[in-house]
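Written out below as structure tokens is the structure these notes cover.
What follows is calculated from the coordinates using simple rules that are stated; it is not laboratory data. This is a predicted model, so every value here is computed, not measured. Every residue, glycine among them, receives a Cβ derived from its backbone with ideal geometry; neighbour counts consider all protein chains shown.
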Amino acid sequence: MGDYTIGIVTLLAINCIAAMGVSLFTGFTGIFTLGHAGYMAIGAYTSTILIIKLGVPWMPAIIAGGLAAMFFAYLIGLPTLKLVGDYYTIASLGLGEAIRLVIENWESVTRGARGYPGIPHYTTAPVAVGFMAVLAVGMFFLINSNYGRAFKACRDDYVAASLLGFNTSRHRVFSLAISGFYCGVSGSLLAGFMSFIQPVMFDMAKSTELVSIVVFGGLGSMSGCLMGTLILTLVTEMFRPISQYRMLIYGLVLVLVMVLRPEGLMGANELGWDSLKRALSRAKALTRDTAARFGLAGVLIGIPVSYCFQPSSVRAISLAEYLSCIPSLMSGAVKFGAPLHKSVAPNAALAVVIACAICASFAWALGGIIKLVKKIDDSRAAGRGM
Amino acid sequence: MDACLELKGVNKSFGGIHAVRDMSFSVAEGELAGLIGPNGAGKTTIFNLVTGVYDVTGGEMEYKGANINRLKTYQVVALGIARTFQNLRLFAASSVLENVMTAAQYHHRYSFFEAVSHLGRWRGTERAIRDESMGLLERVGLADRAGQPAGTLPYGLQRRLEIARALSLKPSLLLLDEPAAGMNAEEVSTLNDLIVKIHEDFKLTILLIEHHMDMVMRICHRVVCMNFGALIAEGPPRDIQGHPEVLKAYLGEEE
Ligand SMILES: Nc1ncnc2c1ncn2[C@@H]1O[C@H](COP(=O)(O)OP(=O)(O)O)[C@@H](O)[C@H]1O
Ligand SMILES: [Mg+2]
């Protein structure tokens, strides 16, 4: 594998850890958050300062980063999670930004907005993937235990939960603390991966990204969270040439999910034989749907169309050229972190996606109209038969 | 007999609405008592006060001689009080079994580290919780539906599930809020048998809210009747049935 692939895998693992934390708090405990990047920042800066200023080895520093974020989350949760989660959601809006601003202005310790350079590159792919594996197993186990049931009970009906003996506010704070730990570890790993941290890396956009992943994957599904991370991280990577529109694409993806599948990719189900079978039967049912058939045809038409017309704005290239780019990306000919817009591949990919989407939506709409006309005809026929 | 639950001059108002006025009554240890009254009489509010969902505006509530006025909902459970809800409050998306297990774990604890590692007491305790929950589901006749999402059960069965869930807390006082609502005559009669049976087998004290008089008359030892938030009659079912105030309250409603 080339550097680029290894970089992507590492980044995936790091994002995944933070997303699991948010999934526990938002998906399983039912409290929306828009400030979890703040906990990542606390983890990142804690471990960085420990390593550079105090010479602590990286392994304990990562754990310390997680614990610092956990402690901070606990302190914030105590007053804001007393009654129901809504207060926390509002507080979290300001919280993430507040943490960022403190880091930006506390220059003597954090070196301010210009960032903290010179962090040793301790987050290799095995380290990141190892952390992710251990934390994922821990999270799966936690969800399938008394704590998991307690969190879900507090989420689904906090009155009923409290009358089953759960101190619901304590459980909410506990859930937030654990999710803070996950985000703190993720931030620490990110610091060691980038070798450089800066407050803007943990801004509102990062918090939104984390929540988007969890909503996209399905609230209350850990495997959905893993899949959400995978898809959204790769989509982000694909659209890197137009990174200034990244938030727009995130918004678009979220709106699409909410319209087409409000419960997210997985809903509250975990990946397993049952959910696979259900997805297959759904897909089968879709092929019998006129509108969906047209949509599929649209996608198939979209691929050649995107190559034939090659709109100059996206500078589409030939299929052969596009495919030939992939091995060079994978083998590391294009370094991870190097500006990708110099390579043509993502532009071509973008062209395909856009053309497919346009063709599919036109075809889908056409299918819908045909279905409607048929229905009207049918009802007329039925009317005559009477 | 000792009083299990005793209310002394309890008041509750919501802004201008005086939902409970000066209610005083007691439920003796081991009794199966009924709380009746027309819609809006304040019965559910009494349950909400006893279980700490609302704070009392005035008066005293005692459970086995100890004041429970200021207790939080989860502290009430520790004393041995469990309840069901008139407007079902099941975890609708979770399975029937998981609903009961969520409550049954109250008496089976293991630590956080055992939970994240699935080591130590995790396996044995989870099995105990599961077995106990399945046992309770068998008691209420839901064992064959254990894997189904609770929200997909018919209403009558959801009410039984609420009873099973409350029982898994091993209460000594069980508060049932209109457990027969929405059931047909046959279902009501099997529910009656179930309530009488669990009352005996679990050595419970039960306070049962019921809107329909006949069910209460059949199974309760003693009946408390209220209207407009106040007590209007109290005594054995036979006396209550012919009580002029009670008749007036119920007839008044039908007009
Ligand atoms: N949370 C609340 N806020 C305002 N009014 C309430 C509330 N709960 C109950 N009430 C009022 O108290 C009265 C008694 O209600 P309730 O106890 O539910 O009657 P029921 O005897 O039918 O169970 C009703 O008039 C109801 O509107
Ligand atoms: Mg009621």
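Computed over region B:152-217, the range of Cα coordinates on each principal axis works out to 32, 28, 17 Å, biggest value leading. Take the Cα of B:ASN11, step 7 Å toward its Cβ, do the same at A:ARG170, and the gap between the two points is 3.4 nm.
When the Debye formula is applied to the Cα atoms of the protein assembly as shown, each taken as the same point scatterer, what base-10 log of I(q)/I(0) results at q = 0.07 Å⁻¹? For the requested q values the scattering log ratios are -0.61. The H on the amide N of B:GLU31, modeled in the peptide plane, is under 5 Å from the matching H of B:ILE206, each at least 5 residues off or on a different chain.
Residue exposure proxy: A:SER179, A:SER212, ordered by other Cβ atoms within 10 angstrom of their Cβ from fewest to most, comes out as A:SER212, A:SER179.
Per-residue 3J(HN,Hα) values for region A:39-54, derived from phi via the Karplus relation 6.51 cos²θ - 1.76 cosθ + 1.60 with θ = phi - 60°, read 5, 4, 4, 4, x, 4, 6, 4, 5, 4, 5, 4, 6, 7, 7, 10 Hz in sequence order (x marks Gly and Pro).
When every Cα-Cα distance of region B:92-170 is counted in 10 angstrom steps from zero, the calculated P(r) takes the values 20, 48, 25, 6 percent.
When each of B:ILE129, A:ILE6 is scored by the number of other beta-carbon atoms lying within 10 Å, the sequence from fewest to most is A:ILE6, B:ILE129. Holding the Cα-Cα limit at 30 Å, pick out from B:LYS170/B:LYS248; B:LYS8/B:LYS170; A:LYS82/A:LYS277; B:LYS72/B:LYS170; B:LYS64/B:LYS248 the pairs that are longer than that. From the list (B:LYS170/B:LYS248; B:LYS8/B:LYS170; A:LYS82/A:LYS277; B:LYS72/B:LYS170; B:LYS64/B:LYS248), the Cα-Cα distance tops 30 Å for B:LYS170/B:LYS248; A:LYS82/A:LYS277; B:LYS64/B:LYS248.
Size of region B:11-122: Rg and Dmax of its alpha carbons, in Å, are 17.9, 55. Take the Cα of A:ILE376, step 7 Å toward its Cβ, do the same at A:HIS121, and the gap between the two points is 6.4 nm. Phi angles of region B:30-40 translate, via the Karplus equation with coefficients 6.51, -1.76, 1.60 and θ = phi - 60°, into HN-Hα couplings of x, 7, 10, 9, x, 10, 10, x, x, 4, x Hz per residue; Gly and Pro are given as x. The HN-Hα couplings worked out from phi for region A:198-210 by the Karplus form 6.51 cos²θ - 1.76 cosθ + 1.60 (θ = phi - 60°) are 8, x, 5, 5, 10, 8, 3, 4, 5, 4, 4, 4, 5 Hz, whole numbers, x standing for Gly and Pro. The Cα atoms of region A:1-131 give a gyration tensor whose axes a ≥ b ≥ c have a/c of 1.5 or more with a/b no greater than b/c, which makes the shape oblate. Electrostatic bookkeeping for A:LYS82 treats Lys and Arg as +1 and Asp and Glu as -1; over the other residues with beta carbon under 15 Å from its beta carbon, the sum is +2. Scanning residues 5 or more positions from A:GLN198 or on other chains, those with amide H under 5 Å from its amide H are A:TYR116, with H placed 1.01 Å from N in the peptide plane. The label-point distance for A:LEU234 and A:VAL129, in a model that sets each label 7 Å from Cα toward Cβ, rounds to 1.6 nm. With a cut-off of 12 Å between beta carbons, the residues surrounding B:PRO171 carry a summed charge of +4, where Lys and Arg count +1 and Asp and Glu -1. When each of A:SER162, B:SER111, A:SER108, B:SER24 is scored by the number of other beta-carbon atoms lying within 10 Å, the sequence from fewest to most is A:SER108, B:SER111, B:SER24, A:SER162. With Cα atoms defining each centre, region B:176-221 and region A:68-121 are spaced 54 Å apart in the structure.
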